[in-house]
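Down below is the structure, laid out as structure tokens.
The values are calculated or read from the model by the stated rules, or taken from the named source; none is laboratory data. These numbers come from a predicted model, not from an experiment. In this analysis, Cβ positions are derived from the backbone assuming ideal geometry, glycine residues included, and neighbour counts consider all displayed protein chains.
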Amino acid sequence: MDKANDSGLASYVAGQIDQSLSWKIGRPVLYSLAAEGELGVEKVLQMLRDEFELSMALSGCTSLSGITRKHIITDFDAHTTISRL
């Protein structure tokens, strides 16, 4: 995992903004496959799952359907003072 964009949090955010997560998830999987084989893939998928579940828990979501646009703050949103959560 070479960048913050390849994390469970990025997947959580991207799931709301961009429905195609295959490249964000695929690259770390391919890197881990090349480096450590099947065990590496299992490890990176578990890391992504753990980070995703932590992001959901910290945002108060108990299921995937609970993730909505109000959980995402963009640069545009950051300039407003109204709390969205």
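Couple of notes before you dig in:
- Residues of the range 42-52 classified as closer than 11 Å to I25 by Cβ and free of Cβ contacts under 8 Å to residues at least 24 places away in the same chain, total: 1
- Test: residue in the range 24-34 that is over 13 Å from the mean Cα position of the chain (by Cα), exposed (fewer than 11 other Cβ atoms within 10 Å of the Cβ) and modelled with pLDDT of 90 or more: yes
- The range 35-61, residues that are crowded, with 16+ Cβ neighbours inside 10 Å, more than 27 Å from I72 (Cβ to Cβ) and not β-branched (V, I, T): G40
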